[in-house]
Structure formats: C-alpha cells, structure tokens
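The values are calculated or read from the model by the stated rules, or taken from the named source; none is laboratory data. The shown structure was predicted, so the numbers you read here are calculated from the model rather than taken from an experiment. Counting neighbours? That spans all protein chains shown, and the Cβs are built from the backbone with ideal geometry, glycine included. Just the protein is used for accessible areas: all its heavy atoms, side chains included, with ligands, DNA and RNA removed. Shrake-Rupley method; radii C 1.70, N 1.55, O 1.52, S 1.80 Å.
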Amino acid sequence: MAAEVAVIGAGVGGLSAAIRLAARGHCVTMYEQSTEVGGKLGLYERDGFRFDTGPSLLTLPSIWMDTLIASGMSHGDAAEALPIRRLDPIARYRFADGTWWDHPSDEEQFFAACEQLSSGSGAGMSKFLRRAEAMWNVSKGPFLESPLRGARSLLAQSRRVRDLRTIAPQQTLHGLASATFNDPRLVQFVDRYATYSGSDPRRSPAVLASILWAERSEGAWYVDGGLRRIADVLLERCVQLGVTVQTGADVEAVTTENGRVTGIRLLNRIHRNATVVVCNADAAHLYRDLVAPAEARAGLRSVARAEPSLSGFVMCLAVDRTIVGAQNLPPLAHHTVLFPSVYGGEFDDLFSQPPRVVTDPAIYLSIPQDSATAPPGCEAWFVLVNAPRHDPDGVAGINWMAAGVAEREADRLLAKLAQRGVDVRPYVRFREIRTPADLAIRTRAEGGSIYGTSSNGIGAAFLRPANQSTVQGLYLVGGSSHPGGGLPLVQLSAKIVSELIASPY
C-alpha cells in the first residue's frame, strides 16, 4: 500500500531514501530548511573557482550505482548519469621525518611501496589487508546492510564464534595496527582511517580496518566537476520520479497521535499530513527539538549513548600557479595528507575535556586536477584539519564564532603548511574559511559534527540511533543513525529504511 511520506532534510541520505521510496510507488515530499539540497555536500564558488566543502572522495561506487538502479535506471544510464574517474595514487602522504609516500591503487604496487618504507612491511600489509577483508565480509551483511538495535542485535546475527574473533570486538584499530607493523609510519597510515568516522583510533574498534579494505576493493574515485554533482544527480532523479522537493521549508515538529506519526509541522505553522516520516536531520535535533518529549524518551537515550564525531576546520584556497615561484611547490596528489610529528597528540586535544584546538594537526589537502574547478593556470585547494565541535559555552567544544578565532586558526594552518614544505601563501588569490559553527548553522549537525556519531568505544559503532524509532512510522537516515557517516553508509541507511517501510514488522 502506498504511503504518504515526508522526508525531513535533503542531504544524501534523504535524497537517496526519497528515490527508493518513490520508486516503490510511495508519494514523497521532501522538506529542506536550506535554499538548496545536498546537506554536507557543500559547494562554494567565487571568481571562477569551484570548491567542494564536504566529501572530496567517492568510495564504494557500487553502492551509489545501486541507489540509481533501484530507482529503475539501467546500469548504463546510471553510469552515464555521474561520470567518475579512478584516482591513482589514492593519496600521497608526508610523514614527520620528511618522507613522501604514495598509496597506489594497484595491490602489488601498494605492497612494494610499503616494503620501501621498511623491510617486511609489504608482507605485514598483505596480512593486515587479509584480516581487513575478513572483517568486511563478516560485518557487511549483518551490520552495514541490516537494521540494528544495539550491540545485541549484531551478536544475534553473528552466530559463529569465528565471526566474533574476526572482528576482534575487544581490540582497537590502533592496537591492531601496532600489533601488525613495526614501522610507526604505517601505524599512522592505518590510524587515519578512524578519522573517516570522526573517531580516535586508540578508542575505535579494530573492525574499522575494513574501511581500508573497502577503499581498496573498489578504488577511490573523483566526480568530474566535483562531488557536489552527486547531490545534483540525486535531485534530478527525485524530480523524475515525482518527488516534491520544497526548499526553504523548515520543519519545527513531527506530529504524532497515540504513538503513531501523523505528519510534520512547518515553522509557518502549516501542517502536512504523512503516514511515514523519514528524518535526515541529526538524530539529536530530531529527538530534542522535533518530537514531543513523551515520544522522544527512547530516542534520547540512544542519542546519549552515541558520542558526536569530531568536526573540521576548512580553508578554500584559490591558488595561482602562474605566479613566479609557484612551480617550486612540492608535487601534490589529488589527495595529500601531511602528518604531524606526534599523531596521537591530535586525538589528545580533540577528545580532551573540554576539547582543544589541535596544537599540531594532520593536514588534509584536496587539489582536483579538473578544469571545471579553477581558471586556467590555477587550482582550487580544499584544506581540512580535524577540529573540536562548536560550543558557545566551551564545554563540548570551542566557540568558533568568537572574534578573531577563525582568522587566527587560518593563519596558523598556513604557517604549518609552510613548515611542512608547502608554503602556498605567496600564491593565494583569496581564502574562504568554514568553521564547525558554519557547518552547524547550515546543516544543524550537532556542533558541526561532520560524520554524525563517532565510533569511539568498543561498542559505539553498534549503539548509534536505530533507523526505526519507537514512534510508529518514524525512521532515521544519515550519518547520526545506523550504520554511520560517509557517503556510502548514508546511502545504505536509506536502503535499510526503504526496506523497513516495505516490511515494517
């Protein structure tokens, strides 16, 4: 039976859910508080420069294809809708000792690159990847692709003791890497994958090693024109399927009666009837602000169990390569990571109480070799460092809106880049700063949390808010709910929700 569905939030999770539900014959209306769709897939344009201000790397493209194919598109049409190209190397790294190191996409070249760092590391990485693959195979079906209600739900689906041994539930990612590699540089390389979920590698579960396997199994990809194109294609498909998309439509409440959804109420007090509500807003915002207290108790408990992920401080740099001297910049890949001398210090700062701006952060650069993103002879640099969330009271983060804080941090990061051999300052036409406060305001992510909830704590990955709430007809998609943040996972959350709505019991 067709349902009247209201989708709150037009991020990737909301757009993907709307596509799947409309393709099943439901009547879907999306309500987006912003004037444009995309959520954290932000875009900044100025003077011929085009910057992705959100994700800059596409992994597991098969999940993206599955979303479009589920909407009725052929495989060929789906591939044509979003042209992508494989990146090689996947990323370039600069370690604190000055070593530059590439992460090739080819497996044998990857092992050889590890061996070049230190004797025996190639075999060590081969062993690590086999373990990561096993973790991926064990967890993909029962965890990533299935609805969960806490750790017991996963344990119920993982029937074999061997499966539990494979995912090593009592071991951290950092612990697994340290036990595998003698070279601290490769430990840092593996630790980096915890930040893909906004987490501390010393506290997040070893199963996050599967992220490395997933990235390598299908490769790392770039979308010509920038990853913002993903939101554009999803929106276009929504419209083709008859989804009504309302931007500038701020939802102030999910209305219920006798424990069942009746619709949503907009800020202008207009009520829209719906038998199903899919929320792509942050779970904390949903349960604290949109649902009546009597209906929100269970949801608030799930929010309290899940620690919000870290945020990020961003600079968009318009770099002019035609200026004399610019050719002396070191060769940088599409994705480049510049490590600090003590990587663990970054997480000491980020997850202290209260959190602190990172003294010596890892610096991430995305520099697309794409004529659509910059004028001739120029490049659009996206610079990101992990950062505490925004909190005006300075308890759960720092006040990024305080006078001078953002500009001082931008100046400090440019100086840090110079210290690590990338002094880009003489070649910058302009810079645009985006803080955690900006992200919080634009997307209502708690404190500007990039990835929704973190995986800090051995069971944290299994304790995110569930996709199906205790309110009948209310569902959650996006990074703050199961299975977590990142483009592939939020699309999986949309798939889970569409299947739950088809078979709610």
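Being aliphatic (A, V, I, L, M), under 30 Å from S371 (Cα atoms) and part of a strand (DSSP E or B) is the filter here, so list the residues in the stretch 1-50 that pass it.
Passing the criteria: only L43.
Report the residue count in the stretch 185-196 for those that are under 16 Å from the mean Cα position of the chain (by Cα) and open to solvent by less than 10 Å² (accessible area, probe 1.4 Å). Don't jump to the end; show me each part of the working.
Kept after step one, since they are under 16 Å from the mean Cα position of the chain (by Cα), are these residues of the stretch 185-196: 192-196.
Those still in the list that are open to solvent by less than 10 Å² (accessible area, probe 1.4 Å) too: 193-195.
Final tally of qualifying residues: 3.
Considering (1) within 25 Å of the chain's Cα centre (by Cα); (2) among the β-branched types (V, I, T); (3) modelled with pLDDT of 95 or more; (4) open to solvent by less than 20 Å² (accessible area, probe 1.4 Å), say which one T247 fails and leave the rest.
(4)
Only residues that are buried (at least 19 other Cβ atoms within 10 Å of the Cβ), part of a helix (DSSP H, G or I) and at pLDDT below 90: list them for the stretch 136-162, please. Before the answer, list the steps.
Here is the first cut: in the stretch 136-162, the ones buried (at least 19 other Cβ atoms within 10 Å of the Cβ) are 136, 138-139, 143-144, 148, 154, 158.
Retained after the next criterion (residues that are part of a helix (DSSP H, G or I)): 136, 138-139, 143-144, 154.
Answer for the stretch 136-162, where residues must be buried (at least 19 other Cβ atoms within 10 Å of the Cβ), part of a helix (DSSP H, G or I) and at pLDDT below 90: V138, S139, F143, L144, L154.
Being open to solvent by less than 30 Å² (accessible area, probe 1.4 Å), of a type outside the set (A, V, I, L, M, F, W, C) and under 30 Å from P340 (Cα atoms) narrows it down to one residue among G447, G421, G404; which is it?
G447
Could you please find all residues in the stretch 180-215 being within 24 Å of P436 (Cβ to Cβ), of a type in the set (D, E) and part of a helix (DSSP H, G or I)?
Within the stretch 180-215, just D191 meets the criteria.
Restricting to the stretch 55-113, name every residue that is in a strand (DSSP E or B) and in contact with a Leu (Cβ under 9 Å, 6 or more places away or on another chain).
Answer for the stretch 55-113, where residues must be in a strand (DSSP E or B) and in contact with a Leu (Cβ under 9 Å, 6 or more places away or on another chain): L58, T59, I84, A91, R92, Y93, R94, W101.
Just for the stretch 267-289: of the residues that are of a type in the set (A, V, I, L, M) and open to solvent by less than 10 Å² (accessible area, probe 1.4 Å), which one is nearest to the chain's Cα centre (by Cα)?
A283
Considering only the stretch 355-381, state which residues are open to solvent by 10 Å² or more (accessible area, probe 1.4 Å) and closer than 24 Å to R442 by Cα.
P355, R356, V357, Y364
Does the stretch 393-401 include one or more residues that are closer than 26 Å to V223 by Cβ, surrounded by 20 or more Cβ atoms within 10 Å (Cβ to Cβ) and not aliphatic (A, V, I, L, M)?
Checked against the condition, which is being closer than 26 Å to V223 by Cβ, surrounded by 20 or more Cβ atoms within 10 Å (Cβ to Cβ) and not aliphatic (A, V, I, L, M), the stretch 393-401 yields no hits at all.
So, in the stretch 233-244, of the ones that are of a type in the set (A, V, I, L, M) and not in a helix (DSSP H, G or I), which residue ends up surrounded by the fewest Cβ atoms within 10 Å (Cβ to Cβ)?
L241
Does R85 satisfy being on the phi < 0 side of the Ramachandran plot, buried (at least 16 other Cβ atoms within 10 Å of the Cβ), basic (K, R) and in contact with a Phe, Trp or Tyr (Cβ under 8 Å, 6 or more places away or on another chain)? Outline the logic, then answer.
Values: on the phi < 0 side of the Ramachandran plot: yes; buried (at least 16 other Cβ atoms within 10 Å of the Cβ): no; basic (K, R): yes; in contact with a Phe, Trp or Tyr (Cβ under 8 Å, 6 or more places away or on another chain): yes.
Spelling it out, it is not the case that R85 is on the phi < 0 side of the Ramachandran plot, buried (at least 16 other Cβ atoms within 10 Å of the Cβ), basic (K, R) and in contact with a Phe, Trp or Tyr (Cβ under 8 Å, 6 or more places away or on another chain).
Among the residues of the stretch 433-444, write down those that are closer than 22 Å to R50 by Cβ and open to solvent by less than 50 Å² (accessible area, probe 1.4 Å).
Answer for the stretch 433-444, where residues must be closer than 22 Å to R50 by Cβ and open to solvent by less than 50 Å² (accessible area, probe 1.4 Å): I433, T435, L439, T443.
Could you list all residues from the stretch 203-232 that are of a type in the set (A, V, I, L, M) and open to solvent by less than 10 Å² (accessible area, probe 1.4 Å)?
Step one: filter the stretch 203-232 for residues of a type in the set (A, V, I, L, M), giving 206-209, 211-212, 214, 220, 223, 227, 230-231.
A206, A209, L212, A214, A220, V223, L227, I230, A231 - these are the residues of the stretch 203-232 that are of a type in the set (A, V, I, L, M) and open to solvent by less than 10 Å² (accessible area, probe 1.4 Å).
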